Amino acid sequence: MKLFGLIGYPLSHSFSKKYFTEKFQKEGINDAAYELFELKQIEELPELLESHSNLHGLNVTIPYKEKVKKYLDDIDAAAEEIGAVNVIKINNGKLKGYNSDYFGFKNSLISFLDNKVENKKALILGTGGAAKAVKVACKNLAIEFLSVSRKEIDDSAYITYQDIDKSLLEEYTLIVNTTPLGMSPKIDTYPDLPYSKLTSQHYLYDLVYNPDVTAFMQKGQENGAKVINGLDMLIMQAEEAWRIWNNHQ
């Protein structure tokens, strides 16, 4: 039995096990299973690998997308550029890291913007591993962006939430939430933005997918903005992970 799984902490919000289990059933794949491996510390990874010799691939989620890199034997060039890994392929005991978040986000964003990515400028909320994939996708789509952090960072590419005002929002009409704010069970939380300054010209992309409509999205909708959650991205990145695991290179 080929085993696949997800590492992270906590994993109560995970969609991956249900998704892959249903995929295996639907496609008649009888020699594969998918499990959740909640690791309180990334240092538990070698022990996990040792105790599950039939592991062929792992997904990686919060908070280990960057920390996991030191355990890899090799890293794909795109994941190296992004600086975060969310897929690991295990072959003959060797671990190679990839990033399918980039693939999922980029393709779903193009669809969300109805292929009109030209002259868009983005605010990317958050500075974690997912934000890194979003930044590279925006760069490759020629979307100018600023990163928004809770703390001041001595870098012109970063601003704080307090810097976001009406004039900035007139220029930056795409807002991407890469933080876990609003994720179930803490559905009442949301990024600290001047939502009343949003208009029908704005696009709010939330990487959170549970609940279907987050507080961030709801506040955007109330002011006429177009909104999307992270489910399409998640499905696309999961399918890309499956392709990576089954690529015999």
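Overview of results
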quantity	calculated
Test: residue in the range 182-195 that is open to solvent by less than 20 Å² (accessible area, probe 1.4 Å), touching a Pro at 6+ places or on another chain (Cβ under 7 Å), over 23 Å from E81 (Cβ atoms) and not in a helix (DSSP H, G or I)	no
Among (1) closer than 19 Å to E239 by Cβ; (2) in a helix (DSSP H, G or I); (3) open to solvent by 60 Å² or more (accessible area, probe 1.4 Å) - the single one K96 does not satisfy	(2)
Any chance F4 is at negative phi, in contact with a Leu (Cβ under 9 Å, 6 or more places away or on another chain) and open to solvent by 20 Å² or more (accessible area, probe 1.4 Å)	no
Answer residue from the range 35-63, given it is assigned to a loop (DSSP other than H, G, I, E, B), within 28 Å of A137 (Cβ to Cβ) and without any contact (Cβ under 8 Å) to a residue 60 or more places away in the chain and is least open to solvent (accessible area, probe 1.4 Å) among those	L39
Inter-residue pairs, beta-carbon under 6 Å, first touching a residue at least 12 places away in the same chain (Cβ under 8 Å) and in the range 216-227, second small (G, A, S) and not in a strand (DSSP E or B), 6+ apart	F216/G182; G224/S200; V227/G220
Where E222 falls short, out of the listed (1) open to solvent by less than 40 Å² (accessible area, probe 1.4 Å); (2) more than 16 Å from A130 (Cβ to Cβ)	(1)
Extreme residue, farthest from L36 (Cα to Cα), among residues of the range 46-90 that are touching a helix residue (DSSP H, G or I) at 6+ places or on another chain (Cβ under 7 Å) and among the charged types (D, E, K, R)	E81
E81 being within 19 Å of the chain's Cα centre (by Cα) and charged (D, E, K, R)	yes
Filter result (surrounded by 20 or more Cβ atoms within 10 Å (Cβ to Cβ) and either touching a residue at least 60 places away in the same chain (Cβ under 8 Å) or among the aromatic types (F, W, Y) (or both)) within the range 196-212	Y203, Y205, L207
Residue within the range 100-120 that is open to solvent by 40 Å² or more (accessible area, probe 1.4 Å) and touching a Phe, Trp or Tyr at 6+ places or on another chain (Cβ under 6 Å) present	no
Residues of the range 127-156 that turn out to be small (G, A, S), in contact (Cβ under 8 Å) with a residue 12 or more places away in the chain and either in a strand (DSSP E or B) or open to solvent by 30 Å² or more (accessible area, probe 1.4 Å) (or both), as a count	4
Residue within the range 233-246 that is part of a strand (DSSP E or B), at pLDDT 95 or above and surrounded by 20 or more Cβ atoms within 10 Å (Cβ to Cβ) present	no
Number of the exception - S111 against (1) in a loop (DSSP other than H, G, I, E, B); (2) within 17 Å of the chain's Cα centre (by Cα)	(1)
In the range 165-181, the residues that are within 19 Å of K139 (Cα to Cα), open to solvent by 20 Å² or more (accessible area, probe 1.4 Å) and not in a loop (DSSP other than H, G, I, E, B)	E171
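Residues are listed down the side, and each one gets a yes or a no for (1) in contact (Cβ under 8 Å) with a residue 40 or more places away in the chain; (2) among the basic types (K, R); (3) within 22 Å of P211 (Cα to Cα):
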position: P10; (1), (2), (3): no, no, yes
position: N30; (1), (2), (3): no, no, no
position: A33; (1), (2), (3): no, no, no
position: A84; (1), (2), (3): yes, no, no
position: I88; (1), (2), (3): no, no, no
position: F105; (1), (2), (3): yes, no, yes
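The values are calculated or read from the model by the stated rules, or taken from the named source; none is laboratory data. Because the structure is a prediction, the values reported are computed rather than measured. Note that we place each Cβ from the backbone using ideal geometry, even for glycine, and neighbour counts take in every protein chain shown. All accessible areas refer to the heavy atoms of the entire protein, side chains included, with ligands and DNA or RNA removed. Shrake-Rupley method; radii C 1.70, N 1.55, O 1.52, S 1.80 Å.
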